[in-house]
Amino acid sequence: MNIKKKILFICIIVITICTIPKLIYASTISSSYTQGSYIINSKFDNSTIKNAIDVSSHQGEIDWEAVKADGIEIAFIRVGYRGFLTGNLAVDSYAIKNLVNANAAGIKIGAYIF
């Protein structure tokens, strides 16, 4: 078998390995927020897409009522981070404000340390 045939054979095998699981285990789910469709594992067929955002002091002041009106259901809020030079933990300057205001707007919240 010459080199071109070997490469073609390997490509066919790789494409087959990558495609067959998607055909067997994949479903499509749509997001009303993004208007997009996403391929998911079929074991999540009865799942619902939740629209979420990740925020920190980098976003500055946030109008949480507008965020809620845009269809965002969950906010992951950075409450702290580890300093680059020292490694010390620091509090995100907008953490408390974001937690309080997101909650007041009826958005489910999660917190993380980066």
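The values are calculated or read from the model by the stated rules, or taken from the named source; none is laboratory data. Given the structure is predicted, the values throughout are model-derived calculations rather than measurements. Cβ: placed from backbone, ideal geometry, glycine included. Neighbour counts: every protein chain shown.
Scanning the range 29-63 for residues being closer than 22 Å to Leu99 by Cα and surrounded by 11 or more Cβ atoms within 10 Å (Cβ to Cβ) gives a total of 11.
Here Ile62 does not qualify as part of a helix (DSSP H, G or I), of a type in the set (A, V, I, L, M) and modelled with pLDDT of 95 or more.
Just one of the listed residues (Ser42, Ser32, Ser57, Ser47) is closer than 21 Å to Gly106 by Cβ, among the small types (Gly, Ala, Ser) and without any contact (Cβ under 8 Å) to a residue 60 or more places away in the chain, namely Ser32.
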